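See below for the structure under consideration.
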């Protein structure tokens, strides 16, 4: 592969990925504003967690911009800098893993509440999610030891473990939530309508997130840098925007069926399912 082809395969997905990062960051800003203005019944702790997620998401955006600047602008002047692994690549991988971990733990906390605080299932999913993040940390260390970008494939095993385990845990969380929502159906039609909508949302979200991670995994294995780099740049923002969309649409579900919120993070930390008229 010629140097010009290598540079093109690196810069093109970086540029496209940056467009995606900018668009999704703008969307998440709007979603955060809607959340903090409208979702005042959530506990202060949960709202604080969401605020920290916004800070981390902003840092993720800054790291993404710096990666693109380093390889597209600086690299055109200093060719050796273009081929070197910049520290922001490691930081970006770490922040992506941290955002995904927090969002998974939020979903697992809902499983914990909806199952009557069943410790075994929630602890298993939480431990699995933490192990996925541990694999992210190991991957960051291995990537940090690589000096040239094209040598990142020398640590491909760690990327396979990280992305593959992410696909599995996302599918498990989605399947578990769907099963729980199905089991807690009641004799009230309004409540069942909300549960059906939530199940459809959970399934679609789980499939989308798993598909994004799986596509990144496959493209990395086939060395399709256009897909792999572009998708991985926006991966954490896809997770975050899906969480924010769900949080901001809870009042719409309640208002449409004259019900209270189905899935509220209260001051006591308890999620609730409330029935309505049949």
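Annotations
- Selection status of residue 88, over 21 Å from residue 239 (Cα atoms), more than 18 Å from the chain's Cα centre (by Cα) and either surrounded by fewer than 20 Cβ atoms within 10 Å (Cβ to Cβ) or modelled with pLDDT under 80 (or both): no
- In segment 99-123, residue nearest to the chain's Cα centre (by Cα) [restricted to those that are touching a residue at least 60 places away in the same chain (Cβ under 8 Å) and within 30 Å of residue 65 (Cβ to Cβ)]: 100
- Of the residues making up segment 255-278, none is at pLDDT 70 or above and either farther than 30 Å from residue 89 by Cα or assigned to a helix (DSSP H, G or I) (or both).
- Some residue of segment 65-74 being surrounded by 15 or more Cβ atoms within 10 Å (Cβ to Cβ), in contact (Cβ under 8 Å) with a residue 60 or more places away in the chain and within 16 Å of residue 97 (Cα to Cα): no
- Test: residue in segment 247-254 that is touching a helix residue (DSSP H, G or I) at 6+ places or on another chain (Cβ under 7 Å) and modelled with pLDDT of 75 or more: yes
- Whichever residue in segment 110-136 is touching a helix residue (DSSP H, G or I) at 6+ places or on another chain (Cβ under 9 Å) and not in a helix (DSSP H, G or I) and, among such residues, is surrounded by the fewest Cβ atoms within 10 Å (Cβ to Cβ): 118
- Test result for residue 139, farther than 23 Å from residue 49 by Cβ, at pLDDT 85 or above, in contact with a helix residue (DSSP H, G or I) (Cβ under 9 Å, 6 or more places away or on another chain) and assigned to a helix (DSSP H, G or I): yes
The values are calculated or read from the model by the stated rules, or taken from the named source; none is laboratory data. The structure displayed is predicted, hence computed values, not measured ones. Methodologically, a virtual Cβ is constructed for each residue, glycine included, from the backbone with ideal geometry; neighbour enumeration extends over all protein chains shown.
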